[in-house]
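One structure is given here, and the rest of the page talks about it.
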Amino acid sequence: MNLPNKLTVLRMILVPVFMAVLLLWNRWVALGIFIVASLTDFIDGKIARSRNLVTDFGKFMDPLADKLLVISAMVIFVEQGHMPSWVCMVVIARELAVSGLRMIAASNGIVMAAGWSGKIKTACTMIGLCVMMTPIADIAIAGGFTVNVLMWVIILVTTVVSGVEYFAKNGSVLVKGKL
């Protein structure tokens, strides 16, 4: 197993550790685990592309590890009352829809490259979730909204925009695909 794939596996292992620490122990330690896991996403892709270590395992497991990390944090925030469940559901629906589109494309020999809006969405989501784990999230800003609300609005907007972009650029896969 190459280094990028080991980093992806590490990220997957960190998901339940992150969840347990955030729920049962210390949000600062959980934040550190989340940051390390998020950085492995950035690092494994850079290494895989720069050293020509891209594998089928990595193509499948890397996005899955990202989804598990993000969704685990969001589900905890829903449980704790820091995020509405419908925001979490929009993120999950987008992830499932794009994953489904990618599977249809792959079954027809088409590789869907990640778009910039997806990368921006991932960065905004990871940063937003980090901010939501800190006391700054409770600070009130304009109109009575908190930083927390601003973070999930940013996550929501970037999620929807990137989802729309994926389907606008790749929707023809659905017509070509065997549905």
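Each reported figure results from applying straightforward, stated rules to the coordinates on display, with no laboratory input. Fair warning: this is a prediction, and the values are worked out from it, not measured in the lab. Don't worry about glycine lacking a Cβ; one is built from the backbone with ideal geometry, like all the others, and counts go over all protein chains shown.
Per DSSP H run of n ≥ 4, the term is -39500 (n - 2.57); total these for the chain, divide by its residue number, and report the mean residue ellipticity at 222 nm rounded to 500 deg cm²/dmol.
Rounded to the nearest 500, it is -26500 deg cm²/dmol.
Pick out, from ALA114, MET151, ALA137, the residue whose Cα sits farthest towards the positive end of the charge dipole of the stretch 3-176, with +1 on the Cβ of Lys and Arg and -1 on the Cβ of Asp and Glu.
Going by the charge dipole, the pick is ALA114.
Identify which of the listed values of P(r) over Cα pairs in 10 Å bins from 0, in percent was calculated from the structure shown: (i) 8, 32, 32, 20, 7, 1; (ii) 9, 40, 40, 10, 1; (iii) 9, 35, 35, 17, 4, 0.
(iii)
If amide hydrogens are placed 1.01 Å from N in the peptide plane, which non-local residues have theirs closer than 5 Å to the one on THR146?
Amide H to amide H, under 5 Å and 5 or more residues apart or across chains, THR146 pairs with ILE141.
How large is the charge dipole for the stretch 3-176, taken about the Cα centre, if only the Cβ atoms of Lys, Arg (+1) and Asp, Glu (-1) carry charge, to the nearest 20 debye?
About 500 debye.
What trypsin sites (Lys or Arg not before Pro) in the stretch 96-178 are in a loop by DSSP, with at most 15 other Cβ atoms within 10 Å of the Cβ?
Here the sparse-neighbourhood loop sites are LYS178.
Please list 3J(HN,Hα) in residue order for the stretch 27-38, calculated via the Karplus relation 6.51 cos²θ - 1.76 cosθ + 1.60 where θ = phi - 60°; whole Hz, with x for glycine and proline.
5, 6, 5, 4, 4, x, 5, 4, 5, 4, 4, 5
Just to confirm the filter: which chymotrypsin sites (Phe, Trp or Tyr not before Pro) across the stretch 87-179 are DSSP coil and have at most 12 other Cβ within 10 angstrom of their Cβ?
Within the stretch 87-179, the qualifying chymotrypsin sites (Phe, Trp or Tyr not before Pro) (loop, at most 12 other Cβ atoms within 10 Å) are PHE145.
Taking 0.36 nm per residue of separation and subtracting the Cα-Cα distance, what length does fully extending MET1 through ALA106 add?
Length difference between fully extended and current span is 35.5 nm.
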